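So the structure is just underneath, and the comments pick up after that.
The values are calculated or read from the model by the stated rules, or taken from the named source; none is laboratory data. This one's a predicted model, so the numbers in the text were calculated from it and none came from an experiment. Neighbour counts are summed over all protein chains in view; Cβ atoms, including those assigned to glycine, are modelled from backbone coordinates with ideal geometry. Just so you know, the surface numbers come from the protein's heavy atoms only, side chains and all, with ligands and any DNA or RNA stripped out. Shrake-Rupley method; radii C 1.70, N 1.55, O 1.52, S 1.80 Å.
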Amino acid sequence: MGVGIMEVKLIGAKGLKRTNFLGRIDPYVVIQYRDEEYTSTTAKGQGRKPVWNEEFKFRVEFPSLDGSDDNQNNYKLNLRVFDHDTCSNDDFLGQSTIYVKDLIAIGLEKGKADFGTQKFRVILNDLSYQGEIQVAITFTAKVLP
């Protein structure tokens with residue numbers, strides 16, 4: 001089994017869905033890999049083109065301990081985008097799913113693998129898309145004693 005750290009840099013987004021008639025949104029992102037979850041800061045006042053430049057680290061085990069490595073769903077990074085609302089529930093703006101199994105496998109083989117900076121579509125509940133989110137992902141293998 002290999003172990004490592006997946007670093008996700010949340011860079012920014014553009015063209016996000018408007019949730020009210022004024023078009024002002026205060027977006028934030030919930031990033032999840034397996035059972036680890038992090039929440040970005042809220043990009044207040046930045047509207048539909050937020051910039052975060054925040055980094056998050058996830059511990060990765062490969063192959064997974066539950067033996068279900070043939071399933072791509074076990075190696076997906078979910079990014080759910082929300083609009084922070086003060087007086088009501090936050091609005092869901094969409095999500096992106098990034099499959100990272102190949103990145104992890106290459107990283108374990110070579111010691112490190114880098115997706116570089118990529119743009120991913122933000123998918124709405126009706127499976128159409130509105131906007132994009134920009135992230136950079138790196139996986140670094142840890143040498144076990």
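Overview of results
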read-out	value
Segment 63-101: number of residues that are at pLDDT 90 or above and charged (D, E, K, R)	6
Subset of segment 91-135 (residues that are free of Cβ contacts under 8 Å to residues at least 12 places away in the same chain and outside any helix (DSSP H, G or I))	ASP126, LEU127, SER128
Qualifying residues in segment 108-129 (those that are farther than 30 Å from VAL143 by Cβ and hydrophobic (A, V, I, L, M, F, W, C)) - the one least open to solvent (accessible area, probe 1.4 Å)	VAL122
Checking PHE21 against (1) at pLDDT below 95; (2) closer than 19 Å to THR138 by Cα, the condition it does not meet	(2)
